[in-house]
Amino acid sequence: MIIPGFLSCKKELTTDSTSPLNKNLEYGTLVDIDNNRYATIQIGTQNWMAENLKTSRYSNGDSLPYILENWKWYLLDSGAWCYYSHDSSKNALFGKMYNWYAATDPRNICPKGWHVPTGHDWLILATNLGGRDIAGSKMKSTLKGHWYGGNAGATNESGFSALPGGKRGIDASFSLLTYRSIFWATDENSDHMDRASSMELAWNGYGSYEDNGEYKYYGLCIRCVED
C-alpha cells in the first residue's frame, strides 16, 4: 500500500509514447490525498513532482470548491480550482488549475511532506539546470502534439516534463493552452499586493525561464516540491 506522500519505485510508472516523461530517467511515485499518483524526479538537491497537481482537497482532507462562473472566480479571496475550459478530459495531462489562495492556504494543497514552491525554490531549480537562460529547454516535455509550433529547443533532460497547460486569466477566461506552462510560486508581489509570483515556460522561449507576476485570482497549474 502506498500512503500519501510516500515515494515508491520506477516500475509502477508508464513512460510510453503517450507519456510526457523522459523514458531514460528514473522516477519515483507520490500519492495525494485523493489517491492521484504522480511521477517525481530528483533534480540537483530538490525532489519535484514531474506532473501537475490534480487534487481537490487540502492535505488535511478539507475540500476546495470547483468554481464554474467567471464572476465568482474573479471575486474569490479563498482557495478554488477548475479544469481548463471546464473540460475534465484535460485533467489527465494538464491537471487542475488553482488560484493563488489555494496555493498558499496553510492547510497545504500539496501532499504531506511537500509544498507549493517559493520563488527561491524555482530559482534553485533554474540554477541546478544551468541558469534561467537555458533551464527552460531542459524542463519542457518533448511529447509531440501538445506544444504549439513544435516546442522549440525542448530536451526534457531534467525530467521535469512541463506541458503547456495555459491559465484562467483576465476576467477569469481561459487562454494560452499549448503556448505556455505557468506555475504558481507562493511569494506575493511587494509592489502590487493583488499579484503573486509565477514561473513560466513559453513555446517559443527556447531555453528561457521566466519569473513573472500574475493576479492572485488567476487559475494556474501547481507543481509541488519536497520539504
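Quick notes on this one:
- Unmet requirement for Lys138, which otherwise passes all of (1) buried (at least 17 other Cβ atoms within 10 Å of the Cβ); (2) outside any helix (DSSP H, G or I); (3) basic (Lys, Arg): (2)
- Single condition Phe160 does not satisfy, out of (1) farther than 25 Å from Glu26 by Cβ; (2) under 14 Å from the mean Cα position of the chain (by Cα); (3) in a loop (DSSP other than H, G, I, E, B): (1)
- Lone qualifier among Glu51, Glu26, Glu12 - being out of contact with any Asp or Glu (no Cβ under 9 Å at 6 or more places or on another chain), of a type in the set (D, E, K, R) and modelled with pLDDT under 95: Glu12
- Residues of the stretch 156-173 classified as of a type in the set (Ser, Thr, Tyr) and at pLDDT 95 or above, total: 2
- When Ser181, Ser175 are checked against the criterion of being within 21 Å of His120 (Cα to Cα), outside any helix (DSSP H, G or I) and in contact with a strand residue (DSSP E or B) (Cβ under 9 Å, 6 or more places away or on another chain), a single residue qualifies: Ser181.
- Ser78 vs. criteria in contact with a Phe, Trp or Tyr (Cβ under 8 Å, 6 or more places away or on another chain), surrounded by fewer than 18 Cβ atoms within 10 Å (Cβ to Cβ), assigned to a helix (DSSP H, G or I) and modelled with pLDDT of 95 or more: no
- Condition check for Ala202: among the aliphatic types (A, V, I, L, M), at pLDDT below 95 and within 19 Å of Met139 (Cα to Cα): yes
- Qualifying residue in the stretch 90-112 (condition: farther than 19 Å from Pro164 by Cα, modelled with pLDDT of 95 or more, acidic (Asp, Glu) and surrounded by 16 or more Cβ atoms within 10 Å (Cβ to Cβ)): yes
The values are calculated or read from the model by the stated rules, or taken from the named source; none is laboratory data. Worth saying up front: this structure is predicted, and the values here are computed from it rather than measured. Counting neighbours? That spans all protein chains shown, and the Cβs are built from the backbone with ideal geometry, glycine included.
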